[in-house]
Every structure is written in structure tokens, then in C-alpha cells.
Amino acid sequence: MNKNNKKIRKASIVLDGQVIETIYNSKTEKTQFAVYKDKKIEFVETIKNNNDEEIYPLDAKSDIINKNVVLLPSEPLEYENEEKLIEDIKNYIHKYLDISPLYEQIASYYVLFSWVFDRFHEVPYLRAIGDFGSGKSRFLQAIGSICYRPIFTGGATTTAPIFRILDEIKGTLILDEADMRFSDMTTDVVKILNMGYQKGGSVLRMQGKEFNEIKAYDVFSPKIIATRETFSDKALESRFLTEEMGRGKLRNDIPRRLSDEFWNEALEIRNKLLMWRFRNYHKELIFDEVMIEGVHPRLHQIIIPLMTIIDSNEMKESLRDFVKKYNIELIADRGLSRESDITFSILKFEYDTKKKEITVGEIAEYLNQDIFDFEDKLTPRKIGWYLRSKMQLKPYKTRKGYILDLEKNRDRLNFWKERYGILDEDIKSEDVNIVNDVNEIKQKQLLNGLTTKEVEF
């Protein structure tokens, strides 16, 4: 016990070759450590770290445990083999959730990945998007209930407890848009999402009675969220593997309510996954970093962890196809960003005219030519503000007005081109807005090896 006579509690520890996890027995309402070393398992009440400090498991009497805010395994449970385990996960998801067959596969591997996410430096996020009643909440429950230490945030009135629980538990955050009741909560959640995809990602918060203490909260973890709309930040959008909900009639075999059977099955799978974590935590990771042609580097980055734990070449190829499709959707959506519109207009002008300088007025002309609503048009003055203040591009003043030297600003233009996933084939297209044309998008998907059936699921 430390000098303040307060027990040091940890959800898990990796120590001297041992993998140590908190388990919880709801019948006895007790927690303890399950310790795996040299292919053997033992159960202990405490363990000492390298500083000779006594470490205790999570407190069974805490609300986050006994009120199922965080779901833990109850014991390591034997499973037949990894292939059968993945099949069990997929069957469980299929039984309770109506999503596309490909996304069932992706979600199954994501669940598996979540149990060793701390071996990786980046994590992708899963996201369900749809209107009210489209099945988003079931998406969170069915997939989230079998992930590594799922943290269900329903009922949180502020984001303060979310920061603390993530930092303490280091589990999978399960977040419904309905939980974000106020704009400041949404802002904090975006911070968590922006900082939490990469190891070492922390959010600084002021705390203490007079809010004069700085605390860095570790928010790196898998995350599964549900929203009705996309985020305006396309960099954030590229970190999600998204399923659109409610596109068809709900399958007749989907249970309309969740009984005790659902939670008992989830516990059994979590117990098997705990054993899988024990056996695979120290396994050598062989990263699959083969670039997917035409896909934004950030999108490629977030699927590397999934590609690394997938053994099936067929499933890897399906995931590549899914990412190609999603990449095209991101490109088609980039018009939601003024900065992306401006970047595209500059690059389109350069391609069409072969000129190396462009006036702010010419940018406005290219950008506004297919905008019919007057209120949506951008004035040269507003575009100049975006160039300087938002995009760090540097136009200079001449008698003709403000001019942007494309060569001197090439590095920044390439940065924005990459960020918004603007491809050379988009720039070379005859129609400046071709990326927003659904028929042309489908043609591109076909050229990338996707059939119309695969495109539309």
C-alpha cells in the first residue's frame, strides 16, 4: 500500500513476461487477477510490481464494475482454435445485428484486434451512421459487448468521467451520439477521437478545486461510435470504418429485445477472448503494409492493425475493397469543406491552364462556377482569408490583385491535396464537380475492381 494508504488498482499489467488481467465474478461480486505465464494460469488477489508496490485489481464495489459500465471477463475459457473463435464472434454479431456480410467480417476481426490493441501504435474506429430507429444502438451493444473491456458511456452528463474512465480502464469506448447532449460535450468527444487513435495520444484537462492543476488523460484505445451525420473534419472521418444503418428491412430473425441470453453469450465470448489474449499477446507481429493504390495514406494507416491480425488472404482482399469504396466516398464528400474546394479549384486551374500563378479572383471563378445558390458562393476576399488564415498559403499583392505562386506554395498544396484525398484523375476530369457525381463514382469503383453489387452491398 502506498504512503496515502490508498490501494493502487490496475485493470491489467504486463510484467516480466506475465499478462495479468482483472476478472469479475458477478455471482460472488469479487474481482481478482488472472495471471498468464509460461502457458499456465493462476488466480491471485494482488501482485507486486518492479518497485515492490502491491497492485490490486479493479474494485468490484465500484459503480463502473457492479453497474456494468465496464464489462470484464469472469475467467479464461478454452476455445477450439482461432478460426472457430472468429466464427463464434461473427455468428454472435449476426444473431443480434443486421449489417452487411462484409462489415460482419470487419467487425469480427475488429473485436479480435481490440483484445491486443495495446501491441499497436494506431487503432481504427468503427462507426454506425443512420437516423433514429436504424439500429445504431444495437450496433454498439452487439459489437461492443464482446470487445476488450468495453466502456459504455450511456447516462454520462459530462465528458469528465469519460476522460477518467478511459485513462484508468484503457478499454474500448462505446459512444452513442445521444450521449453528446451539449455542444461542449461534442467538442470534447472530438478531442478524444482526434487524439485517441495513436499511442501516446493524451488530452490535457484542468482539474482541482480551482481548476489550476493540469492532468494529461491517456485516451488511446479502440472506439465504437454511432452518429446520425458525418463529422465536418475529413481527417477525423478517415479514421472510421463506417457502416450505414437502416438501408433495408430488418431481418426477421433479429431479436427485438435483448434477454439474459445475449449477455451470457457475450460473457462466454469475452472469456474465450481473454484466453486468446493470453496466448497471443507476445506473438510476433508481422505488419502488412502493402500500399493500396489510390487510397488516402491515413485510411491505409488505420487498417494496418486489422490487416496484421487477419490470416485469410481472401478477407484481406475484401477489406482492401471496402477501404477503396470508403476512400471514394470521402473524396465525393470533400465538398463539405471550403478548404478542399479551394485546393481542388487551384489544382484544376493549374491543370487546365498550365499556368504557375493564379489570382484569388480566378480561384473564386473556378470554385463558384457550379454553385447556383448565391449564399454558398465565396468572394475573392473570403477566399484570400482562407488561403492565409486556414491553409497557410501565401498570396502576394500586385496591380492585378492578389496572386498565388503555385511553385512557391507547392509543399502546402501537396499537403492539402493529400489530406483531402484529391486524386490526379479527379483533377484531369472534364467536369470540375465530377467527384460529386454518383454515376461517375460508380464507374471509378468498377475501374478499381468493384462490381456494382459490391458497391451497393
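A compact table of results
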{"item": "Amide proton proximity set for I151, modelled H, under 5 Å, gap of 5+", "result": "T172, L173, I174"}
{"item": "Lys/Arg +1, Asp/Glu -1 at C-beta; the chain dipole; positive extreme among I86, G200, Y326", "result": "G200"}
{"item": "Kirkwood Rh and Cα Rg combined as Rg/Rh, region 1-61", "result": "0.98"}
{"item": "10 Å-binned pair-distance histogram of region 1-111 (Cα, whole percent)", "result": "12, 32, 32, 18, 5, 0"}
{"item": "Hz values of 3J(HN,Hα) by residue in region 52-60 - Karplus curve (6.51, -1.76, 1.60), Gly and Pro given as x", "result": "6, 8, 7, 10, 10, x, 4, 6, 5"}
{"item": "Spin-label pair R381/E407, simplified geometry with 7 Å Cα→Cβ offset, distance in nm", "result": "3.3 nm"}
{"item": "Cα Rg, Dmax, region 230-353, angstrom units", "result": "20.2, 67"}
{"item": "Beta bridge orientation in the chain: antiparallel %, DSSP, nearest 5", "result": "65 percent"}
{"item": "Ordering of 271-278, 403-410, 168-175 by packing [mean C-beta count within 10 Å, highest first]", "result": "168-175, 271-278, 403-410"}
{"item": "Förster radius 22 Å - calculated FRET efficiency between K27 and L258 (Cβ-Cβ, nearest 0.05)", "result": "0.60"}
{"item": "The chain: C-alpha gyration tensor shape, a/c 1.5 cut-off, then a/b vs b/c", "result": "prolate"}
{"item": "Among the listed pairs K272/K316; K90/K325; K199/K325; K272/K324, those beyond 29 Å (Cα-Cα)", "result": "K272/K324"}
{"item": "Expected 222 nm ellipticity per residue - DSSP helices of 4 or more, -39500 (n - 2.57), all of the chain, to 500", "result": "-12000 deg cm²/dmol"}
{"item": "For R9, residues with placed amide H under 5 Å, excluding near neighbours", "result": "Y56"}
{"item": "Whole-Å distance, taken between Cα centres, linking region 44-107 and region 235-308", "result": "14 Å"}
{"item": "Additional length obtainable on full extension of the chain from Y281 to N81, 0.36 nm per residue less Cα span", "result": "70.4 nm"}
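Throughout, read-outs are computed from the coordinates displayed, never taken from laboratory work. Please read these numbers as outputs of a predicted model, since none were measured by experiment. For neighbour counting, all protein chains shown are included, and Cβ atoms are generated from backbone atoms with ideal geometry for every residue, glycine included.
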